[in-house]
Amino acid sequence: AQSVTQLGSHVSVSEGALVLLRCNYSSSVPPYLFWYVQYPNQGLQLLLKYTSAATLVKGINGFEAEFKKSETSFHLTKPSAHMSDAAEYFCAVSRFYYNQGGKLIFGQGTELSVKP
Amino acid sequence: GAGVSQTPSNKVTEKGKYVELRCDPISGHTALYWYRQSLGQGPEFLIYFQGTGAADDSGLPNDRFFAVRPEGSVSTLKIQRTERGDSAVYLCASSLKTSGGAYNEQFFGPGTRLTVL
């Protein structure tokens, strides 16, 4: 079975500071990993995805994540936080990307607050 | 172009009633997914359609939940004899399956907030 654990339900940073949101996964097969962002009263938006290509993945809005198999981690980072980054972030894992429908298993989410 | 739309945006019902939630996927997207997001939780998978058929309904919690996609486009999630525990945001997503078999990213709708009193 696959699962995702996001460490820290709430993270608060100052504007301009480093953002680090932690995600660890469990999977018996090579995983496909995703980070989604959810703004209030809006749907989920894909930030970035890892599908077994480069281990360092760059996404939208300056975010990036690194797949570390030895640590079963896929942490999300951004060098400098902006007020507009305040939102809920979800890490998700999918078993197969091809011919399997790609249903997503989500973590509990991390709410990011950005202080001025 | 238009994204995934869901109606209604909010639905308040009484315990024991029947509700239908509608999802309009992005035009041309063959795969459609339903998820349920309870307060303070991540979305949980309910069911996935490829075309008109439910390819995976392993996430439906019980037989009160049913979903259809009769023409391979719009989908309706149906909940019978609603219970207070069904209160959640129900999310729909769609994706495009390429000729090579890959499923591209899932695009999510804004969700329907269901409240069962």
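The values are calculated or read from the model by the stated rules, or taken from the named source; none is laboratory data. Computed from a prediction, not measured in an experiment: that's the story for all the values here. Backbone-built Cβ (ideal geometry, glycine too); neighbour counts: all protein chains shown. To get the accessible areas, we keep the full protein, side chains included, count just its heavy atoms, and leave off ligands, DNA and RNA. Shrake-Rupley method; radii C 1.70, N 1.55, O 1.52, S 1.80 Å.
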Accessible surface buried upon A-B contact (total; probe 1.4 Å; Å², nearest 100): 1700
With a 1.4 Å probe and every protein chain kept in, tell me what percent of the accessible surface of chain B is carbon plus sulfur. 48
If only Cα atoms are counted, what is the Rg of the protein assembly as shown, and what is its Dmax, in Å? 17.7, 50
Those trypsin sites (Lys or Arg not before Pro) from the stretch B:13-73 that are DSSP loop and have at most 16 other Cβ neighbours within 10 Å turn out to be B:Lys15, B:Lys17, B:Arg64
A:Ser9 and A:Ser84 label points (each 7 Å along its Cα→Cβ direction) are spaced in nm at 3.0
For the stretch A:28-45 the residues that are at least 50 Å² less accessible with all protein chains than alone, 1.4 Å probe, are A:Leu44
Would you compute, for the Cα atoms of the stretch A:2-116, the largest minus smallest coordinate along each principal axis and list the three values in descending order, in whole Å? 44, 30, 22
Per DSSP, the loop-located chymotrypsin sites (Phe, Trp or Tyr not before Pro) within the stretch B:52-117 having at most 12 other beta carbons within 10 Å are none
For chain B, set up a GNM with springs between Cα atoms under 10 Å and report which of B:Val68, B:Val89, B:Val12 has the largest fluctuation. B:Val12
Which percentage, to the nearest 5, of the DSSP beta bridges contained in the protein assembly as shown is antiparallel? 90
Given the options A:Glu88, A:Glu15, A:Glu71, state which has the largest fluctuation in a GNM of chain A using a 10 Å cut-off (strictly under) for Cα springs. A:Glu71
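Counting only protein chains, not ligands or nucleic acids, how are B:Tyr18, B:Tyr33 ordered by accessible area (probe 1.4 Å), most first?
Details: B:Tyr18 110, B:Tyr33 0 Å².
Output order, biggest surface exposure first: B:Tyr18, B:Tyr33.
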Which peptide among A:56-67, A:104-115 comes first, and what is the full order, when sorted by highest mean count of other Cβ atoms within 10 Å? A:104-115, A:56-67
Check cross-link reach from B:Lys97 to the aspartates and glutamates: straight Cα distance under 19 Å, and skip same-chain residues fewer than eight apart. B:Asp24, B:Asp56, B:Asp57, B:Glu71, B:Glu105
Under 16 Å between C-alpha atoms is the cut-off here; go through chain A and count lysine pairs that meet it, provided they're at least eight residues apart or on different chains. 8
Name the residues of the stretch B:26-56 whose accessible area falls by at least 50 Å² when all protein chains are present instead of the chain alone, probe 1.4 Å? B:Pro43
Kindly report the accessible area of chain B per residue (heavy atoms of protein chains, probe 1.4 Å, no ligands, DNA or RNA), in Å². 47
